[in-house]
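> Provided herewith is a single structure, encoded as structure tokens, for subsequent inquiry.
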Amino acid sequence: MNINLDRLLQNNRQNQNAILPSNRSIVLISLCSLIVIGCTKVTEELRERRGGIYGILRLLWEGDHLPQEIRKSLNTLKKIEQTDIQKMKQSMDEIELGIEIAILNSVDCNLSFEKVNVSSTMRKKMGIASSELDKIASTLDSVHVNENSSLRAKRKMLSKEIVIMMEHMDVLIEKVIT
């Protein structure tokens, strides 16, 4: 009986060894097919989003998928959006606050609320802010967008925002006695 038990254990081990290589090959084939499918999907995605095969080559060679002139335009638009416009909003808020304070101070002296007298430094701030808005608009107009529709849409959105800010600045300037 002891001999039969040893034979059964030995046969069981041989059967397990016979099954294991086929399991390994199935796992290996599955892994290889997943890698091929993944690489295909990544390549398709890069072709669509990165400008085709030239974009992929540019990404590998230069480290950027965009042509240099488009990257320069994109960086200019980002700078305008993230720094210039934000500084102008802050400056215009300060100017508006100064005008509101001048209006509140003039209630005691003057009953007409059409125009308000502000300090020369406030007038200077208003002139500088108006000039800065003109410079931002000029920089924005000089950005080349060519056929890139996303850059064109971004520039149009920023242009509209600058125009609204310029109109608001004109309203603030009209409130002040010159």
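> Does region 91-175 come out rounded, prolate or oblate, given a ≥ b ≥ c as the square roots of the eigenvalues of its C-alpha gyration tensor, rounded meaning a/c under 1.5 and, failing that, prolate meaning a/b above b/c? Numbers along the way, then the final one.
Numbers: a/c = 4.31, a/b = 3.01, b/c = 1.43.
The shape class here is prolate.
> Next question, about the same structure. Taking 26 Å as the cut-off for C-alpha to C-alpha distance, list the pairs among Lys115/Lys156; Lys135/Lys160; Lys87/Lys154; Lys78/Lys124; Lys125/Lys175 that go past it.
On the way: Lys115/Lys156 34 Å; Lys135/Lys160 15 Å; Lys87/Lys154 19 Å; Lys78/Lys124 28 Å; Lys125/Lys175 14 Å.
Over 26 Å apart, Cα to Cα: Lys115/Lys156; Lys78/Lys124.
> Run the 1.4 Å probe and let me know the accessible area of Glu69, rounded to the nearest 10 Å².
Glu69 exposes around 110 Å² with every protein chain in place.
The values are calculated or read from the model by the stated rules, or taken from the named source; none is laboratory data. Remember, predicted model here, so these are calculated numbers, not experimental data. Keep in mind that these areas ignore ligands, DNA and RNA; they rest on the heavy atoms of the full protein, side chains included. Shrake-Rupley method; radii C 1.70, N 1.55, O 1.52, S 1.80 Å.
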